[in-house]
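Encoded as structure tokens, the structure appears first; notes follow it.
The values are calculated or read from the model by the stated rules, or taken from the named source; none is laboratory data. The structure displayed is predicted, hence computed values, not measured ones. Counting neighbours? That spans all protein chains shown, and the Cβs are built from the backbone with ideal geometry, glycine included.
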């Protein structure tokens, strides 16, 4: 557990692979609240990227679309799709359906567009 984020660089040299930060865990909870209709969100200790889990809403731009046709912003990668509780690696040829859960890696400035594509909100 790391309380001082300034010490993170020491962890790698000490051979520590994983570190938990109460500050980062709290930030993740706040981000989930701020992001709205997001099932889960996680931030990385030394990166601007976020991991989002969102549900594809029926009737959204992503519903019944191939991943490659979504015109995702530059800072977004869809890594996995969970359909009927079964995870699968997302590919360009993967077709999204309403009620799928999508795990996306996104920069903070691209989250709003990801949300727009996967939901019916304007």
Where residues in the range 48-78 are over 14 Å from the mean Cα position of the chain (by Cα) and not in a loop (DSSP other than H, G, I, E, B), which of them is surrounded by the fewest Cβ atoms within 10 Å (Cβ to Cβ)? 68
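With the structure loaded, tell me whether residue 117 is surrounded by 13 or more Cβ atoms within 10 Å (Cβ to Cβ), out of contact with any strand residue (DSSP E or B) (no Cβ under 7 Å at 6 or more places or on another chain), modelled with pLDDT under 80 and not in a loop (DSSP other than H, G, I, E, B) or whether it fails that test.
Details: surrounded by 13 or more Cβ atoms within 10 Å (Cβ to Cβ): yes; out of contact with any strand residue (DSSP E or B) (no Cβ under 7 Å at 6 or more places or on another chain): yes; modelled with pLDDT under 80: no; not in a loop (DSSP other than H, G, I, E, B): yes.
When the stated conditions are applied, residue 117 does not pass them.
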Which numbered condition residue 87 misses (of (1) assigned to a loop (DSSP other than H, G, I, E, B); (2) surrounded by fewer than 13 Cβ atoms within 10 Å (Cβ to Cβ)): (1)
Pairs with Cβ under 9 Å, 6+ apart, first in the range 82-97 and without any contact (Cβ under 8 Å) to a residue 12 or more places away in the chain, second in a loop (DSSP other than H, G, I, E, B) and buried (at least 16 other Cβ atoms within 10 Å of the Cβ): 84/100; 88/94
Unmet criterion (only one of (1) in contact with a helix residue (DSSP H, G or I) (Cβ under 7 Å, 6 or more places away or on another chain); (2) surrounded by 12 or more Cβ atoms within 10 Å (Cβ to Cβ)) for residue 81: (1)
